[in-house]
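To keep things clear, I will list the structure first and then write my remarks on it.
The values are calculated or read from the model by the stated rules, or taken from the named source; none is laboratory data. Here the structure is a predicted model, which means the values were calculated and not measured. Cβ coordinates were reconstructed from backbone atoms using ideal geometry, including for glycine residues, and neighbour counts include every protein chain displayed.
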Amino acid sequence: MGRTKSDDIGSDDGGRLYEAEPGEQHHRFDRDHIERTIGPFRQRVRLDALASIEFKQTGTWRSQGMLFVSDTRGHRVGIYVGRFSRAAEWSALLLDAAETTHASVQPRAHGILQRAVANADHDTNRHVTAPHIP
């Protein structure tokens, strides 16, 4: 897995992770794992053993809350909502993993993930222009 800053998380089309400038908080993901590293501490969840995705309102009134992703081995990773770019990529991975593993997904968490994917689809479709018909 490659390392990414908290504001730049993603992978290329081959599923390989790309690296941003080093920072204190890092998130990594690929088709098998989501990982969060803060200093010397690391949290890692296996997506093939996904158990639940929950939303929790955290921080001040300006915070958009956190998604907590847990696996059947008792591991948990927190992801700040709205703080990361390329949310559609990791949101789609989480939704696919939840469907495959029949994980429990809170309705609010499901909505957040679906909106991230839908927003990317909307942005992609917005850039496609229809042919001109005289």
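Observations, loosely collected:
- Only a single item in (1) in contact with a helix residue (DSSP H, G or I) (Cβ under 8 Å, 6 or more places away or on another chain); (2) farther than 19 Å from THR37 by Cα; (3) at pLDDT 90 or above is not met by ALA120, and it is number (3).
- Conditions (1) outside any helix (DSSP H, G or I); (2) in contact (Cβ under 8 Å) with a residue 60 or more places away in the chain; (3) within 21 Å of ALA51 (Cβ to Cβ): number failed by LEU67: (2)
- The residue of the range 29-68 that is surrounded by the most Cβ atoms within 10 Å (Cβ to Cβ), among those that are of a type in the set (Asp, Glu) and over 18 Å from GLY82 (Cα atoms), is ASP30.
- Hits in the range 72-86 (condition: touching a residue at least 24 places away in the same chain (Cβ under 8 Å) and farther than 18 Å from SER52 by Cα): ARG83, PHE84, SER85, ARG86
- With respect to (1) surrounded by fewer than 17 Cβ atoms within 10 Å (Cβ to Cβ); (2) at pLDDT below 90, the lone exception for GLU99 is condition (2).
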